[in-house]
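*Asks:* Input: one structure, supplied below.
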Amino acid sequence: MTGLGFHTGPRPVARGASGFGTEAPVAISVVVPCFNEEESLPGLHARLTAVCRTLGLAYEIVLVDDGSRDGTWAEISARAETDPCLRGIRLARNHGHQLALTAGLAAARGGRVMMLDADLQDPPELLPDMMALMDEGYDVVYGRRTRREGESAFKKATASLFYRLINRLSDVEIPVDVGDFRLVNRRVLDAFLAMPERTRFVRGMFAWLGHRQIGLDYVRQPREAGETKYPLAKMVRFAGDALTGFSIAPLRLATLLAYVSLAVAAGLAFYVLSAHLAGQTLQGWTSILLAIAFFSGIQLLTLGIIGEYLGRLYVESKERPLFLVAETIGGETPARANTIERARA
Ligand code: UDP
Ligand code: MG
């Protein structure tokens, strides 16, 4: 049974939502979201297969096609025809990295699940090291980037700033320089799948879940093929989702701004009244315009901040499914054992 039972709220991301019915026993699942990654897939498949085979356990590779417009699905289905350990899930449209990852995690059947990007920026060869740490009793082993290679100075600087900001503002401790490259066990994964939110900042959600977690340092490699699927606009949205999902500090900032504007208004009132009592006629329009600009600026900013939260609340309240699966392929992985422990026995 899964850990979904303890969830009391609505809409857990139920396992089996992918359309895969039978529960074939698998020790390790590797979940990879793919958006226009046809060039990355051959290298990804080869390196993942090589590393999974060294473990000597029943494994599956779950590739999620996130509404790609290139030959990604053709590539996935051709490979699933010949490799029984490979499964493909095609989403009905582009749902975005975090939801595509969630779709793959919901379909994963392994006792342990590793997630990584399709572009091989995170080396799959770290899987045995992650497994060894998990054998020591850790529930989550996450990759921590000590360096990033082959990425622009701008991306590195904004990423570094982002991780530090979200870590400071968030109510939970989100480790810095940690992406979605991690190995989790079934207990933690089921808890994650029971979290119903749709603006999913996956790395923050795993941090929120706690349990025994440990980082494994690695150097982030340049993309193997293709180009980044995170242009600036998507990066900004991602950061906004992370911030609103894990902190209400911006709402507090709105309150703080209200106090600031109140203090400025009090100062202005004092000045205006004393000038009036002294009988000075004021020229005035510069100060009036400045005051209008200042206070309306603060009001609009505050409204914008409230709007960011309200909009997300609205989207959540519709309770639409997180993602829609159009098609699946594969899934006849040879049965061995249901959990990692039994697989080892
Ligand atoms: N991705 C996705 N859907 C999207 C955008 C990206 O599934 O809408 C996948 C992409 O194929 C890759 C991972 O998310 O496997 C990370 O994207 P990318 O490598 O482009 O991000 P970067 O490493 O540049 O931040
Ligand atoms: Mg990448």
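*Asks:* Would you call G215 away from ligand 1 (no atom under 16 Å from the Cβ) and closer than 21 Å to R147 by Cα? Full working, then the answer.
*Replies:* Details: away from ligand 1 (no atom under 16 Å from the Cβ): yes; closer than 21 Å to R147 by Cα: yes.
Yes, satisfied.
*Asks:* Can you name the residue in the stretch 215-224 that is open to solvent by 50 Å² or more (accessible area, probe 1.4 Å) and of a type in the set (D, E, K, R) and is also farthest from ligand 2 (Cβ to nearest atom) among such residues? Full working, then the answer.
*Replies:* Taking the stretch 215-224 as the starting set, the residues that turn out to be open to solvent by 50 Å² or more (accessible area, probe 1.4 Å) are 217, 221-224.
This time we only want the ones that are of a type in the set (D, E, K, R), so: 217, 223-224.
On the way: D217: 18, R223: 6, E224: 9 Å.
Ranking the candidates gives D217 first.
*Asks:* Starting from the stretch 47-68, keep only residues that are of a type in the set (D, E, K, R), then list their pairs with residues that are loosely packed, with under 15 Cβ neighbours inside 10 Å and not in a helix (DSSP H, G or I) whose Cβ atoms are within a distance under 7 Å, requiring at least 6 positions of separation or different chains.
*Replies:* No pair meets every condition.
*Asks:* Still on this structure, please answer the following. So the check is Cβ under 6 Å with 6+ separation or different chains; which pairs have a first residue in the stretch 131-158 that's among the acidic types (D, E) and a second one that's part of a loop (DSSP other than H, G, I, E, B) and open to solvent by 30 Å² or more (accessible area, probe 1.4 Å)?
*Replies:* That search, which allows pairs on different chains as well, returns D139/H211; D139/R212; E149/Q221; E149/P222.
*Asks:* Only one of G245, G267, G226 is touching a residue at least 40 places away in the same chain (Cβ under 8 Å) and part of a helix (DSSP H, G or I); which?
*Replies:* Details: G267 fails: touching a residue at least 40 places away in the same chain (Cβ under 8 Å); G226 fails: part of a helix (DSSP H, G or I).
Being touching a residue at least 40 places away in the same chain (Cβ under 8 Å) and part of a helix (DSSP H, G or I) holds for just one of G245, G267, G226, which is G245.
*Asks:* Still on this structure, please answer the following. Going by the structure shown, is R93 open to solvent by less than 50 Å² (accessible area, probe 1.4 Å), over 16 Å from the mean Cα position of the chain (by Cα) and either at pLDDT 90 or above or within 14 Å of ligand 1 (Cβ to nearest atom) (or both)?
*Replies:* Details: open to solvent by less than 50 Å² (accessible area, probe 1.4 Å): no; over 16 Å from the mean Cα position of the chain (by Cα): yes; either at pLDDT 90 or above or within 14 Å of ligand 1 (Cβ to nearest atom) (or both): yes.
So R93 fails the test.
*Asks:* Condition first: among the hydrophobic types (A, V, I, L, M, F, W, C) and in contact with a strand residue (DSSP E or B) (Cβ under 7 Å, 6 or more places away or on another chain). Can you find one or more residues in the stretch 150-159 that meet it?
*Replies:* Scanning the stretch 150-159, I find no residue that is among the hydrophobic types (A, V, I, L, M, F, W, C) and in contact with a strand residue (DSSP E or B) (Cβ under 7 Å, 6 or more places away or on another chain), so the answer is no.
*Asks:* May I ask you to say which residue of T302, T286 is in a helix (DSSP H, G or I), under 30 Å from F238 (Cβ atoms) and not basic (K, R)? Reasoning before the result, please.
*Replies:* Details: T286 fails: under 30 Å from F238 (Cβ atoms).
Going through T302, T286 in turn, just one is in a helix (DSSP H, G or I), under 30 Å from F238 (Cβ atoms) and not basic (K, R): T302.
*Asks:* How many residues does the stretch 225-246 contain that are surrounded by fewer than 17 Cβ atoms within 10 Å (Cβ to Cβ) and of a type in the set (D, E, K, R)?
*Replies:* Within the stretch 225-246, residues that are surrounded by fewer than 17 Cβ atoms within 10 Å (Cβ to Cβ) and of a type in the set (D, E, K, R) number 3.
*Asks:* Do you know which residues across the stretch 170-191 are open to solvent by 60 Å² or more (accessible area, probe 1.4 Å) and either over 15 Å from Y142 (Cα atoms) or in a helix (DSSP H, G or I) (or both)?
*Replies:* Here is the first cut: in the stretch 170-191, the residues open to solvent by 60 Å² or more (accessible area, probe 1.4 Å) are 171, 173, 187.
Matches in the stretch 170-191: D171, R187.
*Asks:* Identify, please: which residue in the stretch 192-214 is basic (K, R) and more than 16 Å from ligand 2 (Cβ to nearest atom) and is, among those, most open to solvent (accessible area, probe 1.4 Å)?
*Replies:* Here is the first cut: in the stretch 192-214, the residues basic (K, R) are 198, 200, 203, 212.
In the following step, the residues that additionally are more than 16 Å from ligand 2 (Cβ to nearest atom) were identified as 198, 200, 212.
On the way: R198: 32, R200: 9, R212: 121 Å².
Among them, the one singled out is R212.
*Asks:* Just checking, how many residues over the stretch 218-238 are near ligand 1 (Cβ under 10 Å from one of its atoms), of a type in the set (F, W, Y) and touching a Lys or Arg at 6+ places or on another chain (Cβ under 9 Å)?
*Replies:* Summing the residues that are near ligand 1 (Cβ under 10 Å from one of its atoms), of a type in the set (F, W, Y) and touching a Lys or Arg at 6+ places or on another chain (Cβ under 9 Å) in the stretch 218-238 gives 1.
*Asks:* Tally up the residues in the stretch 72-90 that are touching a helix residue (DSSP H, G or I) at 6+ places or on another chain (Cβ under 6 Å) and either near ligand 1 (Cβ under 9 Å from one of its atoms) or small (G, A, S) (or both), please.
*Replies:* Final tally of qualifying residues: 1.
*Asks:* What residue, among those in the stretch 116-136 that are within 16 Å of ligand 1 (Cβ to nearest atom) and under 16 Å from V178 (Cα atoms), is surrounded by the most Cβ atoms within 10 Å (Cβ to Cβ)? Reasoning before the result, please.
*Replies:* Residues of the stretch 116-136 that are within 16 Å of ligand 1 (Cβ to nearest atom), as a first pass: 116-124.
Retained after the next criterion (residues that are under 16 Å from V178 (Cα atoms)): 116-117, 120-124.
Numbers: L116: 25, D117: 21, L120: 20, Q121: 22, D122: 20, P123: 16, P124: 21.
Checking each candidate, the answer is L116.
*Asks:* Just to check your reading of the model, which residue among D139, D70 is crowded, with 20+ Cβ neighbours inside 10 Å and acidic (D, E)?
*Replies:* Of the residues listed, the single one that is crowded, with 20+ Cβ neighbours inside 10 Å and acidic (D, E) is D139.
*Asks:* What number of residues within the stretch 144-168 are within 21 Å of M205 (Cβ to Cβ) and open to solvent by less than 60 Å² (accessible area, probe 1.4 Å)?
*Replies:* In the first step, residues of the stretch 144-168 are kept if they are within 21 Å of M205 (Cβ to Cβ); the result is 144-145, 159, 162-168.
Then keep just the ones that are open to solvent by less than 60 Å² (accessible area, probe 1.4 Å); that gives 145, 159, 162-163, 166-167.
Total meeting the criteria: 6.
The values are calculated or read from the model by the stated rules, or taken from the named source; none is laboratory data. This structure is a prediction, so every number in the text was calculated from the model and none was measured. Counting neighbours? That spans all protein chains shown, and the Cβs are built from the backbone with ideal geometry, glycine included. Ligands, DNA and RNA are excluded from the accessible area calculation, which covers all protein heavy atoms including side chains. Shrake-Rupley method; radii C 1.70, N 1.55, O 1.52, S 1.80 Å.
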